[in-house]
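Computed from the coordinates by the stated procedures, all read-outs in this text should not be read as laboratory data. All values reported here derive from a predicted model rather than from experimental measurement. Note that each Cβ is placed from the backbone with ideal geometry, even for glycine, and that neighbours are counted across all protein chains shown.
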């Protein structure tokens, strides 16, 4: 196989991203895609960098902030088997 070719068994890491416009279509697509990939047995994490109205934590049903483990690493909250980091977790602290 060439460098540009790959079989399904060779894909241990797969990443995706999208440019967000103002609207709710993109976050909905991101959440649905992440949950669908998890349902198919993939290891999935979702990063929400929207500073104008982070809605992915609300869609995912996550209300808690990330925690810090004993070895000083940030542990993202998860729901539906999908780990999530969001600007929304920081945004509420800034606006208090």
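Output the Kirkwood hydrodynamic radius of the stretch 24-94, Cα pairs only, in Å rounded to one decimal.
About 12.6 Å, per the Kirkwood formula over Cα pairs.
What percent antiparallel are the DSSP beta bridges of the stretch 24-94, to the nearest 5?
Counting DSSP beta bridges with both partners in the stretch 24-94, the antiparallel share is about 50 percent.
Which FRET efficiency value, to the nearest 0.05, do you get for residue 39 and residue 68 by plugging their Cβ-Cβ distance into 1/(1 + (r/R0)^6) with R0 = 25 Å?
According to the calculation, E is roughly 0.25.
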